[in-house]
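Below: one structure, written as structure tokens.
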Amino acid sequence: MLGLSLSLLLSFAAAAAPGSDPQVSDATKMARTEYEWFHAHPELSKQEVNTAKHLADVLRGLGLEVHEGIGGTGIVGVLKGNGPGPTVLYRADMDGLPLTEVTGLPYASQNKGVMHACGHDVHMATAVGALSVLAATRDTWSGTILFVGQPAEELGAGARAMVADRAFQKLLKKHGKPRLAIALHDAADVPAGQVSIIEGLHHANVDGVDIIVHGKGGHGARPHETIDPVVIGAEIVMSLQTIVSRRIRPDEKAVVTVGKFEGGTKRNIIPSSATLMLTVRSYGPKMRKLLIGEIKRVATQVAKAHDAPKPPTITTTAGLPSCENDPEWTRTIRAAFETELGAKNVKRHEPSLGGEDFGIFGSELGIPAIMWKLGAVKASKWKRDGDHPGLHSDKWAPDPDPTLRTGIRTVVAALHAGLR
């Protein structure tokens, strides 16, 4: 039974069209209701108190055993099948973003200055729908599903906090180490009704670098008596651009971005210091090490060339490791998706230089992890050139029903594949 597609497993007639199963339809209706609630009540990272409570209550109503307050506001729902078997971890994130929504939707955010602009509302609602199907059909599968409602993904902090929580470790000990972790993320570059999944690297390493440039302050009218840290900083900014263009191979991917440059208090004062704040994106530990080393070298040498009184103070913050899809499991889950949706609706995409802390569940627990993209843009509006609002936009508005229906079907298919 576990090898059957969701369409065959749940249909009342073998000839039923894909996605026409009554249970999938009911689950999509339930998910739509929850989606509108989540979308209207977003909460910022580490503040997902009402979100977590609402999600926990809904999951309990489906028959899950729910544990709250893990890693902050995180929750874990336990759903068991009809007998012993493997454990699979399934994650959905819960936090919103500090944006004022301008979509004009009837269920737009009611929380001023906060919006589900990254689709975490889709992720939670999909989870409700998928888990409702799995709860209703638990006599057809064996094993355990550990559903993780994760806080603070937008800060890159929630997954690590949950894994480090003793309560989470106790649950793993009780229910068994997961053989696999899965998650989806809604996407603006895939039309609703389709998904995209790739083997190997999915998201990048994300690191922060802060550079304090030291100079000699003075009057803006007498620059010759100073060592201007703003000028040094400006040259550092431009020189950093040559790291990717001239120090790494053209077929490698990397990003070095100065997101903040701050110095001075008044137009006629040359300050004694200036600060640069960088985000650095890369794939794999070797490139990560190379980029950090080059940033330090460039900043130090530029400051030295300007006779700075001392080298820059450089601090690095290790953010997120790259997120990598296990190749063998990706092939297995892709096959399940193609059976479920049809091969034409299962695409491949390029790795993203964005960050995602889902991979921490894989790296910290030592298990394979798989993430896929869930198309969320209305098919009639989708364009390859991205001529529509995307993630983190105050206009981001997924096409709910086909997005949720496809999400539910793929999550159930992936969980069946993992539990088989």
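Laid out as a table, the results:
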| item | result |
| --- | --- |
| In region 329-362, residue modelled with the lowest pLDDT [restricted to those that are surrounded by fewer than 18 Cβ atoms within 10 Å (Cβ to Cβ) and among the small types (Gly, Ala, Ser)] | Gly354 |
| Sole residue being of a type in the set (A, V, I, L, M), outside the structural domain of Lys286 (by TED's automatic domain parsing) and free of Cβ contacts under 8 Å to residues at least 40 places away in the same chain, chosen from Ala343, Ala376 | Ala343 |
| Strands (runs of 3 or more DSSP E) contained entirely in region 224-328, each with at least 3 residues that are in contact (Cβ under 8 Å) with a residue 12 or more places away in the chain and either surrounded by fewer than 18 Cβ atoms within 10 Å (Cβ to Cβ) or touching a helix residue (DSSP H, G or I) at 6+ places or on another chain (Cβ under 7 Å) (or both) | 255-263, 273-282, 313-320 |
| Failed condition for Gly69, given (1) outside any loop (DSSP other than H, G, I, E, B); (2) at pLDDT 95 or above; (3) touching a helix residue (DSSP H, G or I) at 6+ places or on another chain (Cβ under 9 Å); (4) surrounded by 15 or more Cβ atoms within 10 Å (Cβ to Cβ) | (4) |
| Of all residues in region 200-222 being crowded, with 17+ Cβ neighbours inside 10 Å and in contact with a Lys or Arg (Cβ under 8 Å, 6 or more places away or on another chain), the one that is farthest from Met277 (Cα to Cα) | Ala204 |
| Every residue from region 374-394 that is surrounded by 22 or more Cβ atoms within 10 Å (Cβ to Cβ) and either of a type in the set (A, V, I, L, M, F, W, C) or within 22 Å of Asn205 (Cα to Cα) (or both) | Leu374, Ala376, Val377 |
| Selection status of Ile360, under 27 Å from Pro321 (Cα atoms), of a type in the set (Val, Ile, Thr) and part of a loop (DSSP other than H, G, I, E, B) | no |
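The values are calculated or read from the model by the stated rules, or taken from the named source; none is laboratory data. Keep in mind it's a predicted model, so treat the numbers as computed, not measured. Cβ atoms come from the backbone with ideal geometry, glycine included; neighbour counts cover every protein chain shown.
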